[in-house]
Amino acid sequence: MTALRLIQPSTARLIRVFAALLLALPLLSACGYNTIPTAEEQAKAAWSEVLNQYQRRADLIPNLVETVKGYAAHEKEVLEGVVEARAKATQVTLPADALTNPEAFKAFQEGQAGLTSALSRLLAVVENYPDLKANQNFLALQAQLEGTENRIAVARRDYIEAVRVYNTALRTFPSVLWATLWFTGNKPFENFTASEGASEPPKVNFN
Amino acid sequence: MLAGMVFLLLPLVALAASLPALTGRVVDTAGVIDAASEAALVQKLEAFEKKSSDQIVVTTIPSLEGEAIEPYANKLFRAWGLGQAGEDNGILLIVAPNDRRMRIEVGYGLEGTLTDLHSKLIIENTMVPAFRAGDYAGGITRAVDDIILVLEGNAAELEARARRNQDTGVTGDDIAVVLFITVWALLFFGGFAFAILPRIFGRKLGPGRYEWLGRTFRYNNGSRSSGRGWSSGSSSGWSDGSSGGGFSGGGGSSGGGGSSGSW
């Protein structure tokens, strides 16, 4: 009968207080307390996916460069451009506060944009080498690279949307009350300014 | 004089094509698949979903309206929610005949089985030659056969996936959850019971003192204790979305896996 002894009448009151607290917890979340942390975690998760896909692209490049070298060794300039851009992009070390630090975010974005344009130059040059294009190894790498580029685009879109939700929560009612009263350390996250390559209008040459 | 170089500015607002409704496993908006092939395709895809829980949907659209096929396919995939929720085992085969573009969009869960290279090979070796010959129905049917072949190639994984998503009975996990909630509810509401019941059913010994079940309970204040109803821990059951005649996506998502091509 230990259970009976545990619930002595004097402790019954304590239990009631505890129960009232438990019941109050869901009400707290209904006040919008959870909105900001939830949006923040979602934005961070979306950012991890962006980093993950950029990393995968960087991992694919050495193999791609080696394969292209075998067929188009004299396209030295383009190949070196890719290797350099990759080194530059992977050298950007992200500080812990990268998402709230405009300089670090910009440096990261510029590094990756440089790699994107170097890669597109390489793939344009490859068009001149039918033997290379027929190579099975190259075909596999190309498929993976295209897939990764598309995943980067999707991950960036998801990140843009997640950050939009988070930054909106920080500035709109009622979550702004929590932001000013409780989550005072939460700063808006940086976002991608435009999709890569979309800032430059396509050039049409009639000459 | 006309400048030699002309800059064409695309409108910043992307021309987004409106998304068609998911009316079945084959949504032939462009009308390039004949009725017999469509019926055969639907049957094949239905049988495959029964076996593997993988949802493959074929769609054709008349025009992308200026949008690239990759973002459009991803948007459509997510809007339709192909594949089972949590498993993300959906595949969208999309063809835009007037733009001469096609894409195989693969859900997160199948990226490891139907790799980007598989998708690319199916597009280049199966679909492109057929489409060049104008045989849309044949190209799509053979592409679906190839996709199923690849998915079936990883037989062990396929069976495991099917088992995970066809469990409709009560599993050990469910029992554990119900037990946990019951025990927890008993402990939690037991406190209430002992706070209230002795006052109601017990014999009053004095102010704030009651005897019930051979024990003496003391209440040292006159605070009102509110009665509280019992709420049983209800576990929501999973309902199988694919039962019945209609077809709907299972709630899966895609992160842009797969491959695109043109002819």
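The values are calculated or read from the model by the stated rules, or taken from the named source; none is laboratory data. Predicted model only: the values in this text are computed from it and were never measured. We place every Cβ from the backbone using ideal geometry, glycine too, and count neighbours over all the protein chains shown.
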Check: Would you say B:Asn165 is under 20 Å from the mean Cα position of the chain (by Cα) and assigned to a helix (DSSP H, G or I)?
Finding: yes
Next item on the list: Go through the residues of the stretch A:76-85 one by one and say whether even a single one is more than 14 Å from chain B (Cβ to nearest Cβ), among the basic types (Lys, Arg) and touching a helix residue (DSSP H, G or I) at 6+ places or on another chain (Cβ under 7 Å).
Entry: no
Check: Taking into account only those residues within the stretch A:171-207 that are under 18 Å from A:Val50 (Cβ atoms) and modelled with pLDDT of 80 or more, which is farthest from the other protein chains (Cβ to nearest Cβ)?
Finding: A:Pro188
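Has the stretch B:86-101 got at least one residue that is modelled with pLDDT under 90, basic (Lys, Arg) and either surrounded by fewer than 18 Cβ atoms within 10 Å (Cβ to Cβ) or in contact with a Phe, Trp or Tyr (Cβ under 8 Å, 6 or more places away or on another chain) (or both)?
Step one: list which residues in the stretch B:86-101 are modelled with pLDDT under 90, which gives B:86-87.
Of the ones still in play, those that are also basic (Lys, Arg) are none.
No, that holds for no residue.
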Note to self: Looking only at the stretch A:123-157, count every residue that is at the interface with another protein chain (Cβ under 9 Å from one of its Cβ atoms), of a type in the set (D, E, K, R) and either crowded, with 21+ Cβ neighbours inside 10 Å or not in a helix (DSSP H, G or I) (or both) and tell me the total.
What the structure shows: 1
Margin query: Can you confirm whether B:Ala35 is among the aliphatic types (A, V, I, L, M) and within 14 Å of another protein chain (Cβ to nearest Cβ)?
Written below: no
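Give the stretch B:29-87 a look and list any residue that's in a loop (DSSP other than H, G, I, E, B) and in contact with a helix residue (DSSP H, G or I) (Cβ under 7 Å, 6 or more places away or on another chain), or say none. Show your work before the answer.
Here is the first cut: in the stretch B:29-87, the ones in a loop (DSSP other than H, G, I, E, B) are B:29-34, B:53-54, B:61-68, B:81-83, B:85-87.
Within the stretch B:29-87, B:Val32, B:Ile33, B:Asp34, B:Ser53, B:Asp54, B:Leu64, B:Gly83, B:Glu87 meet the criteria.
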